[in-house]
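Take a look at the structure set out below.
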Amino acid sequence: MPAPDPTHAPTLAVIGGGQLARMMAEPAAAMGLPLRLLAEAEGVSAAQVIVDHQVGDYRDLATLRAVTAGCRVVTFDHEHVPTEHLHALQDDGLAVRPGPEALVHAQDKGVMRERLAELGIPCPRNAIVSSVAEVEAFGFPCVLKTTRGGYDGKGVWFVRSVEDCPAAFEAAAASGVRLLAEELVDFRRELSALVARSPSGQAASYPVVASTQKDGICHEVIAPAPGLDPELAGQAQEIALRVAGALDVTGVLAVELFETNDGRVLVNELAMRPHNTGHWTQDGAVTSQFENHLRAVLDLPLGSPAPRARWTVMVNILGGPDRPDGQSVGRLYDGYPHALARDPHLRVHLYGKDLRPGRKVGHVNAYGDDLDECLERARHAAAWFRGDLGNESE
Ligand SMILES: Nc1ncnc2c1ncn2[C@@H]1O[C@H](COP(=O)(O)OP(=O)(O)OP(=O)(O)O)[C@@H](O)[C@H]1O
Ligand SMILES: [Mg+2]
């Protein structure tokens, strides 16, 4: 049992030991905010840096009660804690932030679509489908999504014909969730609008960014979105603020959007936690999304979301392709001498994860006045860590 915190700051419980919890620990340390973590296993990303941690299953209520004992507030690294447990913790008197009524909209894409429709927020045409015939009636091509449990493109199928559908129905049946059909949006690019909102209702809205996905995984983010019509940027920010208020979100809300070729924004999905499209804020904004998440869930005044530089580019470092001998060609610590020497302005964030193909193990941020230069610097560094550069002779 750790000694009581001498600053008398309340201990904030964080459920989930991934990189998002790890990155909350940085501003928590700076601000003297004690964190207590529930980690999936010893040695996971956040457990390496949060001393006060327990290992256990977030699907077990007794475990959740044990880790939050003595805490006033609990928050999350992921959205997978069962809703009924969140209600039970709330009934115990704990402040659950975001609360279960809000979080369900990030957990269940079907519930999210129904609620956004009620609020009149623009979304792709969509319907819950329970048979291939219903998908056919909805119309091909379309996108099928499991309503719960998807991430990084898992649980998303692009279907063009009846033959493409069974895999999605099998996956939905296997996990006992509903299947959502959405029109295949012919988008110009993907945008993200990020806000932090506190229980007292204060909100901070970050500049709208452009994000690129590769194989369903966020790959690159440019802040702010280049050439975005200010009117559309305003609409995107307004959508995020309205959703945060209407759903009573506490903490960070990320609204993933499509910018259509005919100049509209449509909501793709919601995340209620720090989000990959907000990692640029660590080095490119006055207050990072991680710090504002902590401030928001503790109901402290929020920090400025203003950018520090004209442009910030974030590129994810993903585990590179494995070599035939099973070794990854990527580099982590070994990548530092070249990456840091080449670009003294580069900011590198590694998550303490080992390299596996397609796994997010870190990201880099490059900021400055010239977008092309920021893109080149961030892409070069990420490719270097990934092992796409400098391994040609191996
Ligand atoms: N209706 C659609 N039309 C066109 N493309 C889509 C549509 N829905 C999703 N996509 C594409 O698939 C990607 C993944 O979809 P979505 O964000 O719903 O899934 P996810 O696995 O929950 O993602 P995340 O990793 O963000 O949690 C989107 O970023 C987008 O590129
Ligand atoms: Mg998504």
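Read the figures in this text as sums done on the coordinates, not as results from a lab. Remember, it's a predicted structure, so these values are computed and weren't measured experimentally. Glycine gets a Cβ as well: all are built from the backbone with ideal geometry, and neighbour counts include every protein chain shown.
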(request) Calculate the spin-label point distance for Arg160 paired with Glu134, positioning each point 7 Å from the Cα along the beta-carbon direction, and give it in nanometres. (result) 2.6
(message) Let's see if you can work this out: charge +1 on each Lys and Arg Cβ, -1 on each Asp and Glu Cβ, no other charges. What is the dipole magnitude of the chain about its Cα centre, in debye to the nearest 20?
(response) 560
(request) Name the long-range amide H neighbours of Leu191: under 5 Å, sequence gap of 5 or more, or other chain; modelled H, no Pro or chain starts. (result) Ser211, Leu257, Phe258, Glu259
(request) With a point put 7 Å past each Cα toward its Cβ, work out how far Glu101 is from His338 in nm, to one decimal. (result) 5.4
(message) Between Asp369 and Thr7, how high is the FRET efficiency from 1/(1 + (r/R0)^6) when r is the Cβ-Cβ distance and R₀ = 51 Å? Nearest 0.05.
(response) 0.85
(message) Please report the net charge: other residues with Cβ closer than 15 Å to the Cβ of Pro100, K and R +1, D and E -1.
(response) -2
(message) If I take every Cα pair under 8 Å that is 6 or more residues apart in the range 73-152, average their sequence separation and divide by the length, what percent do I get for the relative contact order?
(response) 26
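Can you give the charge dipole size of the range 206-311 about its Cα centre, rounded to the nearest 20 debye, using +1 on the beta carbon of Lys and Arg and -1 on the beta carbon of Asp and Glu?
Working: 7 positive and 13 negative charges, 53 e Å.
Around 260 debye, computed over the range 206-311.
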(message) Projecting each Cα onto the charge dipole of the range 187-386 (Lys/Arg +1, Asp/Glu -1 at the beta carbon, about the Cα centre), which of Trp311, Leu375, Met272 comes out farthest on the positive side?
(response) Met272
(request) Pick out, from Gly155, Gln235, Thr281, the residue whose Cα sits farthest towards the positive end of the charge dipole of the chain, with +1 on the Cβ of Lys and Arg and -1 on the Cβ of Asp and Glu. (result) Thr281
(request) Take Thr212, project a point 7 Å from its Cα along the Cβ direction, then tell me which residues of the range 284-312 have their backbone nitrogen under 16 Å from it. (result) 312
(message) Show me, for the range 342-359, the HN-Hα J-couplings you get by feeding each phi into the Karplus relation (A = 6.51, B = -1.76, C = 1.60, θ = phi - 60°), rounded to Hz, glycine and proline as x.
(response) 5, 9, x, 8, 5, 10, 10, 10, 10, 9, x, 10, 7, 6, 9, x, x, 8
(message) Per residue of the range 202-208, what does 6.51 cos²θ - 1.76 cosθ + 1.60 with θ = phi - 60° give for ³J(HN,Hα)? Whole Hz please, x for Gly and Pro, Karplus curve as stated.
(response) 5, 9, 10, 10, 7, x, 6
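Arranged from highest to lowest average of other beta-carbon atoms within 10 Å per residue, in what order do the peptides 224-233, 68-77, 347-356 appear?
68-77, 347-356, 224-233
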(message) 5 Å is the cut-off here: which amide hydrogens, built 1.01 Å from N in the peptide plane, fall below it relative to Gly17, excluding neighbours closer than 5 in sequence?
(response) Glu40
(message) For a quick check: with amide H placed at 1.01 Å from N, whose amide H comes under 5 Å from Arg310's, ignoring anything fewer than 5 positions away on the same chain?
(response) Gly368
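About the Cα centre of the range 154-195, how large is the charge dipole given +1 on each Lys and Arg Cβ and -1 on each Asp and Glu Cβ? Please answer in debye to the nearest 20. Could the numbers behind the result be given before it?
Working: 5 positive and 7 negative charges, 36 e Å.
For this selection, approximately 180 debye.
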